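Engineer: Please read through the structure below; I'll follow up with questions.
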Amino acid sequence: MLLQQFPELSAELAPGRAASSHRPAPPPPPDLAARRREERAEALLLEQRHGLVAPGYSAAPLRLHISDTIRDLSDGVVELEEAVRDRLGLPRARRAPVLERLRRVAALLDEVTADPVLAAHVRDETRRMARRCARALGDTETVVRMPGRCPWCDSVSLRAFPDRAAILCVNPACRCADPLCGCHDDPSYRHAWEEGEWERTTAQGDPAR
């Protein structure tokens, strides 16, 4: 998701940008009014502290929340790659754009998964950054209620996420049998089955596979 959506943040910095042809215009986020108030306050603070005058507030705001997201994600990706390479005993990587750093981290995933502590850190950080990126872009994901009960917790909490081609149990108390699954140690994580995995699971009638 980060590789796909991070480049869109730069385009979102341009006020009045037309929606991309390959994706529908997202609905305004529920906190848009609060964001705009915050942006106006920050613009006023810039003017007071540094003499930077914003040319009036209009329907095309300064998009400071997009700029902040780009900066935070860029810093986060640099720190993530450095942490991965340090944990794996690799030399420090050369400087590179965010997308190249993400690809380099992805290329190390076989080594990362051999270290449960590092794997959990990479999982948590990439999910956090992907959520931040999606929120800044105003994306909302389609959710479809699934029939039947979760094979782990027996609750009617199965949901399909077509964009991810995955089935998730949204019950916060659900725990699967895999001790390395994130549902055991991350309150925001939900056990998921990829589409093919779910089909095999239901066909076999065995959640533990």
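Engineer: Only one residue in LEU158, LEU108, LEU118 is surrounded by 13 or more Cβ atoms within 10 Å (Cβ to Cβ), touching a residue at least 12 places away in the same chain (Cβ under 8 Å), among the hydrophobic types (A, V, I, L, M, F, W, C) and touching a strand residue (DSSP E or B) at 6+ places or on another chain (Cβ under 7 Å), so which one is that?
Structural biologist: It is LEU158.
Engineer: Can I ask one more? Out of curiosity, is VAL78 farther than 15 Å from LEU3 by Cβ and open to solvent by 20 Å² or more (accessible area, probe 1.4 Å)?
Structural biologist: yes
Engineer: Taking the condition of being open to solvent by 50 Å² or more (accessible area, probe 1.4 Å) and at negative phi, how many residues in segment 89-104 meet it?
Structural biologist: Counting residues in segment 89-104 that are open to solvent by 50 Å² or more (accessible area, probe 1.4 Å) and at negative phi gives 8.
Engineer: Right, next: Do we have any residue at all in segment 89-111 that's modelled with pLDDT under 55 and part of a helix (DSSP H, G or I)?
Structural biologist: no
Engineer: Would you point out the residue of segment 121-152, among those that are among the hydroxyl-bearing types (Ser, Thr, Tyr) and in a loop (DSSP other than H, G, I, E, B), that is least open to solvent (accessible area, probe 1.4 Å)?
Structural biologist: Here the residue is THR142.
The values are calculated or read from the model by the stated rules, or taken from the named source; none is laboratory data. All figures in this text were calculated on a predicted structure; none of them were measured in a lab. Positions of Cβ are backbone-derived with ideal geometry, glycine not excepted, and every protein chain shown enters the neighbour counts. Side chains included, ligands, DNA and RNA excluded: accessible areas come from the protein's heavy atoms. Shrake-Rupley method; radii C 1.70, N 1.55, O 1.52, S 1.80 Å.
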